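The values are calculated or read from the model by the stated rules, or taken from the named source; none is laboratory data. In this text the structure is predicted, and so the values were computed from the model without any measurement. Virtual Cβ from ideal backbone geometry, glycine too; neighbours counted across all protein chains shown. Heavy atoms of the whole protein, side chains included, go into the accessibility calculation; ligands, DNA and RNA do not. Shrake-Rupley method; radii C 1.70, N 1.55, O 1.52, S 1.80 Å.
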Amino acid sequence: MQITFLGTSSGVPTRARNVSSVALRLPQRAEVWLFDCGEGTQHQFLRSDLKSSQIRRIFVTHMHGDHIFGLMGLLASCGLAGNVSRIDIYGPPKLNEYLQACRRYSQTHFSYPIKVHTVEPGKVLDEGEFSVYCQRLEHRVPAFGYRVVEKDRSGQFDVKRAASLGIPPGPIYGRLKRGEAVTLGDGRVINGADLCGDTIQGRKLVYCTDTIFCDRAIELSEHASVLIHESTFAHQDAELAYQRLHSTSTMAAQVALAAQAQQLILTHFSPRYAPGNSLQLKDLLAEAKAIFPNTLMAHDFFVHNVARVVA
């Protein structure tokens, strides 16, 4: 699992930062899952190592323009290139209506199937290796956070030990690798878990934006391997955060701490903290790290690999 930040500014783009979009690359599946798609996201793809032809799923948090204005352009370009087989899009009510209106008034016709799924709190997707959940957050319009959960894997299978037990190689090894209990021809029952190393825990990626601090964000982020959380404002601008239902850097850190996340990555920064101003983004990072030390600050094209953990 590899995360690439394609846009880390809130509201409007700046010279250094585009508006919201985060790509999750799943190399073993040759797929890219996109979270939000602000204006200019397709240009960011061209400047990255990602391939738009691998986009398989797009998850939209809410209907504000800095999170969706790039969606129609990206979909149209993928269609013209003719290199996408299918895209599933997940998001709040009105997302499908918005896309249908864009298609109708621009007379855009896609050469590949697109299916829009309206999400509700709970499980959004389950396709074997990965499950995706969403939760309602606190913003001025209906907004959702997403949680991607990778299933646990059995540890390394001990082939030498299996052979020493007289277990014949073949399909039976596959069952034992999956941790199944297998009855041999001589009546012995072999528990596959006994022949495997420590379980490799599935990774958990959580994406929370836009939202003020809320209990549901903590619930969604519980034990996250990586929590990507908005940090629109500095702590001293908390009144603005409450007015606009956005988070401060300290709120993001408090969510990570309460959820016992492993890693926090801040994103979605207000342009007011540009270099030269009295408060800058380094100050927001310092505020967050004072509460949750394992905090990083994203920038456009920042790449982060989500590491596996052995139980």
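Can you give the helix-only mean residue ellipticity at 222 nm for the chain, where every DSSP H stretch with n ≥ 4 adds -39500 (n - 2.57) and the sum goes over all residues, rounded to the nearest 500 deg cm²/dmol?
Calculated from helices alone, the mean residue ellipticity at 222 nm is -7000 deg cm²/dmol.
Give the separation of the Cα centroids, the stretch 62-80 to the stretch 3-51, in Å.
Each part's Cα centre sits 12 Å from the other's.
Using the Cα gyration tensor of the stretch 218-311, with a ≥ b ≥ c the square roots of its eigenvalues, what is the shape: rounded (a/c below 1.5), prolate (a/b larger than b/c) or oblate (neither)?
Prolate, since a/c reaches 1.5 and a/b exceeds b/c.
If the viscosity is 0.890 mPa s and the temperature 25 °C, what Stokes-Einstein diffusion coefficient in µm²/s follows for the stretch 47-101 when Rh is the Kirkwood radius over Cα pairs?
D = 203 µm²/s.
Rounded to the nearest whole Å², what accessible area per residue is found for the chain with the 1.4 Å probe?
Accessible surface, normalised per residue, equals 46 Å².
Taking the alpha-carbon centroid of each part, what is the distance from the stretch 126-147 to the stretch 251-300 in angstrom?
22
Quick check on the stretch 104-195: take the gyration tensor over C-alpha atoms, sort the square-rooted eigenvalues as a ≥ b ≥ c, and tell me if it's rounded (a/c under 1.5), prolate or oblate.
Prolate, because a/c is 1.5 or more and a/b exceeds b/c.
³J(HN,Hα) across the stretch 26-43 via Karplus (A = 6.51, B = -1.76, C = 1.60, θ = phi - 60°), whole Hz, x for Gly/Pro?
10, x, 5, 10, 6, 10, 10, 10, 10, 10, 6, 8, x, 3, x, 4, 5, 5
Mind checking the alpha-carbon convex hull of the stretch 156-285 and giving the volume per residue in Å³?
142
Mind listing the phi-derived Karplus ³J(HN,Hα) values for the stretch 235-240, rounded to whole Hz, using 6.51, -1.76 and 1.60 with θ = phi - 60°, and x for any glycine or proline?
Karplus values, whole Hz, x for Gly and Pro: 4, 5, 9, 4, 4, 5.
Please state the charge dipole magnitude for the chain, taken about the Cα centre, from unit charges on C-beta atoms (+1 on K and R, -1 on D and E), reported in debye and rounded to the nearest 20.
Result for the chain is approximately 760 debye, rounded to the nearest 20.
Out of all DSSP beta bridges with both ends in the stretch 1-120, state the antiparallel percent to the nearest 5.
Around 45 percent antiparallel, to the nearest 5.
If I fit a long axis through the Cα atoms of helix 281-291 and take the longest principal axis of the Cα atoms of the chain, what angle between them do I get, 0 to 90°, rounded to 10?
Once rounded, the angle reads 50 degrees.
So if I take the centroid of the Cα atoms in the stretch 90-113 and the same for the stretch 186-237, what is the distance between those two points in Å?
32
Convert each backbone phi in the stretch 5-13 into a coupling constant with the Karplus relation 6.51 cos²θ - 1.76 cosθ + 1.60 (shift: θ = phi - 60°), then list the ³J(HN,Hα) values in order as whole Hz, x for Gly and Pro.
8, 9, x, 10, 9, 9, x, 9, x
Determine the percent antiparallel among the DSSP beta bridges restricted to the chain, to the nearest 5.
Expressed as a percentage, antiparallel bridges in the chain total about 55.
So what's the stretch 23-137 giving for Cα Rg divided by 2.2 N^0.38 Å, two decimals?
Normalised Rg, Cα atoms only: 1.02.
P(r) tail for the chain, what percent of Cα pairs lie past 34 Å?
Across the chain, Cα pairs with separations above 34 Å total 29 percent.
Rank-order 298-307, 101-110, 252-261 by packing density, defined as the average count of other C-beta atoms within 10 Å over each peptide's residues, highest first.
252-261, 298-307, 101-110
Any chance you could run the full-extension gain for residue 160 through residue 172? It's 0.36 nm times the residue separation minus the Cα-Cα distance, nm to one decimal.
Length gained between residue 160 and residue 172: 2.9 nm.
With a 10 Å radius around each residue's Cβ, average the other Cβ atoms per peptide and rank 218-225, 184-191, highest first.
Those peptides, ordered most packed to least, come out 218-225, 184-191.
With a ≥ b ≥ c the root eigenvalues of the C-alpha gyration tensor of the stretch 1-78, is it rounded (a/c under 1.5), prolate (a/b larger than b/c) or oblate?
Here the stretch 1-78 falls in the prolate category.
Mind checking the angle between helix 249-259 and the chain's longest principal axis? C-alpha axes, 0 to 90 degrees, to the nearest 10.
20
How much of the accessible area of the chain, in percent, comes from carbon and sulfur atoms when a 1.4 Å probe is used?
Answer for the chain: carbon and sulfur cover 50 percent of the accessible area.
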